[in-house]
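Here the structure is laid out as structure tokens; the discussion comes afterwards.
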Amino acid sequence: MRNHHAQITAVVTVTDDGGSSGALREFINVPPPGGLRNVLIALSDMPKFYEKIFQYRFDKSTKYFANHSIGNMILVAAAQIQGSMHKAIKMLGKIMHINGAVYPVSEEPLTLHAVFTDGTQVAGESKIVKEEKKIDYVYLMNRNNEKFVKVNQKVIKAIFLQIW
């Protein structure tokens, strides 16, 4: 779609709790950066070498950085510098020459919960996929384990503009 000059608006989930994103979200209390990083790269026209740097993961032998991607750490650093993930994405979007808009669905990390048809429940995106059970329904909770989730206002505006 990017190559056809489409007006792209990506709304990215913030429920990833596994791998580098999960570790950063827990340690620094930011929306997990991995999905956001991947969408920014997908919408970017930066040279492939820069993309390789953003996607690079340190190997397991690297004590403190094992399995972290440089792009995730850059996003988290930019969010701390700019004061929010939205502002970090906007700044990095300019640097990466993205074509479109990228919005995290929330400025806080959210936890995905699944209730399975057998009545059992699991919290955490990475744990849900391991269950291999039929899901009855899902819901989100914020950091305080409340079902109140504050949606990014940019997401609401983007959806509203698409409807009208």
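Some points to look at:
- Pick from the stretch 33-69, criterion more than 20 Å from Ile98 (Cα to Cα) and buried (at least 16 other Cβ atoms within 10 Å of the Cβ), ranking: farthest from the chain's Cα centre (by Cα): Phe58
- All positions within the stretch 109-158 that are more than 22 Å from Ala23 (Cβ to Cβ) and without any contact (Cβ under 8 Å) to a residue 12 or more places away in the chain: Gly119, Gln121, Glu132, Glu146, Lys147, Phe148, Gln153, Ile156, Lys157
- All of (1) of a type outside the set (S, T, N, Q); (2) in the same structural domain as Arg37 (by TED's automatic domain parsing); (3) in contact with a Phe, Trp or Tyr (Cβ under 9 Å, 6 or more places away or on another chain) hold for Glu131 with one exception: (2).
- Qualifying residue in the stretch 81-94 (condition: polar (S, T, N, Q), without any contact (Cβ under 8 Å) to a residue 60 or more places away in the chain and either exposed (fewer than 13 other Cβ atoms within 10 Å of the Cβ) or not assigned by TED's automatic domain parsing to the domain that holds Ile41 (or both)): no
- The sole residue among Asn99, Asn145 that is out of contact with any Gly (no Cβ under 6 Å at 6 or more places or on another chain) and closer than 23 Å to Phe27 by Cα is Asn145.
- Selection count where residues are among the acidic types (Asp, Glu) and part of a helix (DSSP H, G or I), scope the stretch 10-30: 1
- In the set Lys87, Lys147, only one residue is over 26 Å from His4 (Cβ atoms) and assigned to a loop (DSSP other than H, G, I, E, B); that residue is Lys147.
- For Glu108, the conditions (1) buried (at least 16 other Cβ atoms within 10 Å of the Cβ); (2) part of a loop (DSSP other than H, G, I, E, B); (3) touching a helix residue (DSSP H, G or I) at 6+ places or on another chain (Cβ under 7 Å); (4) not hydroxyl-bearing (Ser, Thr, Tyr) all hold with the exception of (3).
The values are calculated or read from the model by the stated rules, or taken from the named source; none is laboratory data. Since this is a predicted model, take the numbers as computed values, not measurements. Because the Cβ atoms are built from the backbone with ideal geometry, glycine has one as well, and the counts that use them run over all protein chains shown.
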